[in-house]
Structure formats: structure tokens, C-alpha cells
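In what follows, a single structure is set out as C-alpha cells and then discussed.
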Amino acid sequence: MADKPSLRSSLLSFCLFTAALAKKMPYEFIVEQTNTYILPSLPYGYKELEPFIDEATVRVHHLGHHAAYTNKMNAAMQQWERENEIRETDSVVEKSILQILHRLDDVPEKYRSGIRNNGGGYVNHNLYWSVMSPNPNSDDREPINQLGKDMVENFGNFSNFKELFTKEALSLFGSGYVWLSRDINQNGKLVISKTTNQDSPFEDGFLPILVIDIWEHAYYIKHQNRRPKHVSDWWNLVDWSSVEELDKWWKGLNYLFHDEL
């Protein structure tokens, strides 16, 4: 049995590890090289996005849907890893899930659908949670700094961008996402795009910095079938400082994408 000093040391190490994970933004996990990804903690409490997204929706969305994508992705990755060990081929864990989604054609066909759906679901949700923050006073929020200037250059002004983005969100048929991304094939030009199901914009050479989830599970408890109300409320939660941080984070990973694309 461990003595008391050793036990205290182990508990301290565990607490420090847990604290370090809590400080990481969800998107930071998508570049890890592992076949066992964790469900990241949210950067806010489950009820803190109210009144725009209710606590019940956030709990089910995170602990139900996002967790399920995480578990199923890990199962597919681990099965793929075991197959590689038997065949003595390259290890799956030498690439992150982000890199794998960039090169889906390299994934064996038997795992490709599972990786696209569940790996995409994991990554898409990690990005989605990262660009929102509580706004209890319903403060107006707009991008500033370089991102604000790029918004004007690419869309004329913020109002034009918001109108175009909203139009895409309301016109998307079925389930999916709408994104604001940097197009690395056009020197980082800002582009609006949409994807269906759990497809990701990475396959098109886009680095997403803003995303809205249009799956009904993102809003059905509160707004039922009223997608326009969900989209309208979501704009109150967009945290442009977090979007800017994500934009900077991608720029620090340029080396990874030039190798992969």
C-alpha cells in the first residue's frame, strides 16, 4: 500500500494534470497523435450559454452526441491500429485525427466511413464549442483587429458577412455546419462554406475559424424546429476574441498543412 506522502504526490499530480486539460481549448486536442482521444471539457459551464442555448441542450449535445462521436472514433482508430500491427505497417498514431481527415483517401476503405463520420463529428464539435462564450448581458459583438480588417476586405463590412453566413445557415438542407474559414490555396482568403452530416472543410483546403452547428440536436430542445431562431440566438454567443485566437493557432500550424496538402 502506498505511504501517505506518495499518495499525496499522486493526487497532486492528478490534480495538476486535470487542471492542465481544463485550460486547453477543445480545438487543441485535434492535433494530438493518439488513437485514444478524450472528450474535452467545455470552456464554460453547461448553463452559462443561457438564455441563447439552454443547459439541457448543451448537456445532451456534449455528454451525449459529442461523447458518442469520440468513443466511436476511438474504436475505429484502435481497430485500424491493431490491423496495422498485424500487417507491420505504419502506426495510426503517427498522425493526428486532423491530418487523417485531410487525407481520407489514405484511410482503408473499411474504416473510411467511420473515420469520416465520427472523426469529423469529434473535430467539428471541438471547434464549435471553442468559438462561443457566455453573453448574459446580450452585448453586441463584432470582430476587431486584423480579423475585422479582413472581414471588411472580403465581405465589404460585418453586416454583409453576417447576412451571407446566416443565409447559408438557413438554406442548408438537412444536417450539417456552416463555416468561416481561411482558404490556404488562396493565401488565407476568408470564405464561407457549408458541409453536410459530419464532413469537414479540411478536405477542401479550408482552415475553419468559426462554425455553427445546424444539426437539430444543437437546438431542438429549446427551439424545436425553429432553425432561424437558433441561428439568431447563436450570433449572441460568438466570441470574436476566441475566433481570433483560433485563427492565430492555425497560422502556427502552417507547417503541418503544407506537408499534408
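Please treat every number below as a calculation from the coordinates, not as lab data. Here the structure is a predicted model, which is why all the values come from computation and not from measurement. Cβ placement follows ideal geometry from the backbone for every residue including glycine, while neighbour counts extend to all protein chains displayed.
Structure above, values below:
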{"read-out": "Sorted by Cβ neighbour density within 10 Å, fewest at the top, the residues LEU98, LEU237", "value": "LEU237, LEU98"}
{"read-out": "Ascending count of other beta-carbon atoms within 10 Å, so fewest first, for HIS125, HIS62", "value": "HIS62, HIS125"}
{"read-out": "Percent RCO, i.e. relative contact order, over the range 145-260, from Cα pairs under 8 Å lying at least 6 residues apart", "value": "21"}
{"read-out": "Once the Cα gyration tensor of the chain is diagonalised, semi-axes √(5λ) in Å", "value": "31, 24, 19"}
{"read-out": "Cα gyration tensor category, rounded, prolate or oblate, for the range 84-186 with a/c compared to 1.5", "value": "prolate"}
{"read-out": "Relative contact order of the chain, pairs being alpha-carbon contacts under 8 Å that are 6 or more residues apart, as %", "value": "21"}
{"read-out": "Candidates PHE158, PHE206, PHE173: whichever shows maximal mean-square fluctuation once the chain is modelled as a Gaussian network with Cα springs under 10 Å", "value": "PHE173"}
{"read-out": "Zone of GLU28's modelled label, taken as backbone nitrogen in the range 110-140 under 14 Å from a point 7 Å along Cα→Cβ", "value": "130"}
{"read-out": "Counting all C-alpha pairs of the range 145-260, share separated by more than 20 Å (%)", "value": "43"}
{"read-out": "Crossing angle, helix 240-251 versus the chain [Cα axis fit, 0-90 degrees, rounded to tens]", "value": "50"}
{"read-out": "Pairwise FRET efficiency - SER41 versus ARG82, Cβ, R0 = 25 Å, nearest 0.05", "value": "0.30"}
{"read-out": "Exposure proxy order (Cβ contacts within 10 Å, fewest to most) of LEU42, LEU170", "value": "LEU170, LEU42"}
{"read-out": "Cα-based helix-to-principal-axis angle, 67-87 vs the chain, degrees rounded to 10", "value": "50"}
{"read-out": "Helix 158-171 axis, angle to the chain major axis (alpha carbon atoms, nearest 10°)", "value": "70"}
